[in-house]
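The values are calculated or read from the model by the stated rules, or taken from the named source; none is laboratory data. Note that this is a predicted model, so its numbers are computed, not measured. Cβ placement follows ideal geometry from the backbone for every residue including glycine, while neighbour counts extend to all protein chains displayed. Side chains included, ligands, DNA and RNA excluded: accessible areas come from the protein's heavy atoms. Shrake-Rupley method; radii C 1.70, N 1.55, O 1.52, S 1.80 Å.
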Amino acid sequence: ENKDNSAGEETEDTEEIEETEENTSEGIAQESLQKKIYILIFLSKSCPPCKNYDSNIHSKVLDQYKDNSDIVVKKIYNDESPELFDKYNIEYTPTGYVINESNNKQEKTNGILPGQINETVKLVSGN
């Protein structure tokens, strides 16, 4: 765990976390008014499979949905948004979760690979 030894000074990390409102419940709720399907990827910065997802898989998931403006992909970290981990009952990382705002269907994915996520997207979208 990294600790800042400077007394009372804000670090860049603190400022960055404060500015990531899109990863809070409120930020997601506001954006969901405009979008249909959310793909939430729950991660921990200390988990090796999460680091692998972050560096090797996330870009592939983003590419898969880049032309579909109705689908939003978000990474959610346990130390930044613990309320979302509680809300969706996430116990293990990495975990994928797909929410369809238009029909209120939601489902955990069976994995975090692009094909596994896509199967869950199809399931909640009724396609």
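Structural remarks
- Residues that are in contact (Cβ under 8 Å) with a residue 60 or more places away in the chain and in contact with a Pro (Cβ under 8 Å, 6 or more places away or on another chain) within the stretch 81-116 comprise just one, I112.
- Across the stretch 59-80, the qualifying residues are those that are under 13 Å from G115 (Cα atoms) and surrounded by fewer than 17 Cβ atoms within 10 Å (Cβ to Cβ), and the one among them that is nearest to the chain's Cα centre (by Cα) is L62.
- The stretch 81-104, residues that are surrounded by 15 or more Cβ atoms within 10 Å (Cβ to Cβ) and within 15 Å of I37 (Cα to Cα): G96, Y97, V98, I99, N100, E101
- Pairs are defined by a Cβ separation below 6 Å, a sequence spacing of at least 6 or placement on different chains, a first member in the stretch 42-66 that is free of Cβ contacts under 8 Å to residues at least 40 places away in the same chain, and a second member that is open to solvent by 70 Å² or more (accessible area, probe 1.4 Å); no pair meets this definition.
- Condition check for K108: of a type in the set (K, R) and open to solvent by 60 Å² or more (accessible area, probe 1.4 Å): yes
- Cross-chain or 6+ apart pairs with Cβ under 7 Å, the stretch 68-79 first and farther than 23 Å from E91 by Cβ and free of Cβ contacts under 8 Å to residues at least 60 places away in the same chain, then open to solvent by less than 60 Å² (accessible area, probe 1.4 Å) and of a type outside the set (V, I, T): D70/K35; I71/Y65; V72/E31; V72/K35; V72/Y38
- Taken over the stretch 20-73, the criterion of being assigned to a helix (DSSP H, G or I), at pLDDT below 90 and of a type in the set (V, I, T) is satisfied by I28 alone.
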